[in-house]
Structure formats: C-alpha cells, structure tokens
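Heads up: the structure comes next, in structure tokens.
The values are calculated or read from the model by the stated rules, or taken from the named source; none is laboratory data. Because the structure is predicted, anything quoted here is derived from the model rather than measured. We work out accessible area using only protein heavy atoms, side chains counted, and drop any ligands, DNA or RNA first. Shrake-Rupley method; radii C 1.70, N 1.55, O 1.52, S 1.80 Å.
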Amino acid sequence: MAHELPALPYDYSALEPVIDTATMKLHHDMHHAAYVKNLNAALEKYPNLQSKSAEDLIRDLNSIPEDIRGAVRNNGGGHVNHTMFWKIMKPQGGGEPTGAIAQAITKTFGNFNDFKTKFNDAGVKQFGSGWAWLVLKSGELQVMSTANQDNPISQGIHPIFGNDVWEHAYYLKYNNRRPEYLGAWWGVINWDEVNKRYEQAKAGK
Ligand code: MN3
C-alpha cells in the first residue's frame, strides 16, 4: 500500500491572512506531494517496508537499509511532519490554549505568553530549515527544534505539535521575516487537535 498525500482538511484560502493561498497550494500540492512520492520511490525495492506507517519507518531509522535511510529520514519525516501540520491548524483557530494542554503549558512554562516566546525563539534560532516543536519527553513538556524534516520520534520523543520554519512555509508572504510568521501562526493553531495529540503522547502513542 503506497503512502498517499492526505487532502487538506480545509480550503487553500482558509488560513488567510495568516497563511496565504499561494503558499498553501505550493506547500501542500508540491512540497508535501514530493515527500510522499520520494518516500514511495525509496521503498520500491523493499516490499517488506511498504506496509509500515511513515511514523514506524522514522521511529527506528537504524532498522532501515542504509541505501534508503537518508531518503526515508527526509521524505518519511516530511510526510509525517506535514500530515500533522495541516491538522494542527484550522480556520478561526488560535486564541488561548484549552483543555489539558492549557494546564500543562501553565504548569511547565508559567503562562501561555512565556511558552510562545520560548517556542518562537526555538523557531527563530533554528539555523536554515527545520521545525520548532512542543514535545513530551520523559513525561515532561519541552520546547525543541529539529533540522530539515527530522521528527522528534526518531529520538524517542513524542511530538505534540510543530511549526514549519522552512522558507517554503512563509517566504512568499513574510519574505525573510521568520519571527513575524512565527508570531502570526498562533492565530491558526487548532487547540482541539493539539489536545488530542497531547493525550496520545501521554498514552505513549
Ligand atoms: Mn514544509
């Protein structure tokens, strides 16, 4: 069963003005599609790996044959990361966190604003391409960043949500102003989905 590009759960224009329509089209239809295509191509000569989920493939990269390990890391990671990314955003999202994640953020970071500052800082300081993350590591919330399409699950860490700081995610609208993109992005976050992912992380999934 080949990996498939998931449909966006809303229109290309639904996250305007935070994320512009042209960026959404390119990002989903070209970038994410390419990760899926390249992941499938890498798995072509390894039928026994084709039934594994993308998450399972990147969870234990050492078990992936060396000749496709880099391709699986980059494209499997790209597929997992973007599949998450579309879901943790929504039109008319944003606002203060809700539910269990709200309490956990306050407990760990003091308040939502201090958490946002820390998260945005991780995104700004990620040199080149990568992601900023809120993760659950050994039962504790933590902010981290990864390079390229690396996902925390390859390090045994549960990703709760991440923001894409590759230039393709913001350059058309924000040009080189990554901090402005990171600040505006909180206006589309989907706290219901984040809470779902927090529960899954706590359950060790
Ligand atoms: Mn991207």
Cα-based reach from Lys87 at 19 Å (exclusive), listing aspartates and glutamates while leaving out same-chain residues under 8 positions away: Glu4, Asp11, Glu16, Asp20, Asp29, Glu55, Glu96, Asp150, Asp164, Asp192, Glu193, Glu199
Average accessible area per residue (Å²) across the chain - probe 1.4 Å, nucleic acids and ligands excluded: 48 Å²
Tilt relative to the chain, helix 33-43 - C-alpha long axis, 0 to 90 degrees, to 10: 40 degrees
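Work out how much length Asn62 to Ser138 would gain on full extension: take 0.36 nm times their residue separation and subtract the Cα-Cα distance, in nm to one decimal.
Separation in residues times 0.36 nm, less the Cα-Cα distance, equals 25.2 nm.
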Tilt relative to the chain, helix 77-87 - C-alpha long axis, 0 to 90 degrees, to 10: 40 degrees
Binned Cα-Cα distance frequencies in the chain - 5 Å width, integer %: 1, 7, 16, 20, 20, 17, 11, 5, 2, 0
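In nm, what is the difference between 0.36 nm times the number of residues separating Ala2 and Ala34 and their Cα-Cα distance?
Working: separation 32, 0.36 × 32 = 11.52 nm, distance 1.35 nm.
Between Ala2 and Ala34, full extension yields 10.2 nm more.
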Relative contact order (percent, whole number), the stretch 1-138, Cα cutoff 8 Å, 6+ residue spacing: 21 percent
Convex hull volume per residue for the stretch 21-87, taking Cα atoms only, in Å³: 74 Å³
Carbon plus sulfur fraction of accessible area for the chain, probe 1.4 Å, in percent: 49 percent
Folded to 0 to 90 degrees: helix 99-109 orientation relative to the chain principal axis, Cα: 80 degrees
Lysine pairs with alpha-carbon atoms under 22 Å apart, the stretch 99-202, spacing 8 or more or separate chains: 16
Under Karplus coefficients 6.51, -1.76 and 1.60, residue-wise ³J(HN,Hα) of the stretch 129-137 in Hz, glycine/proline x: 8, x, 9, 9, 9, 9, 10, 10, 10
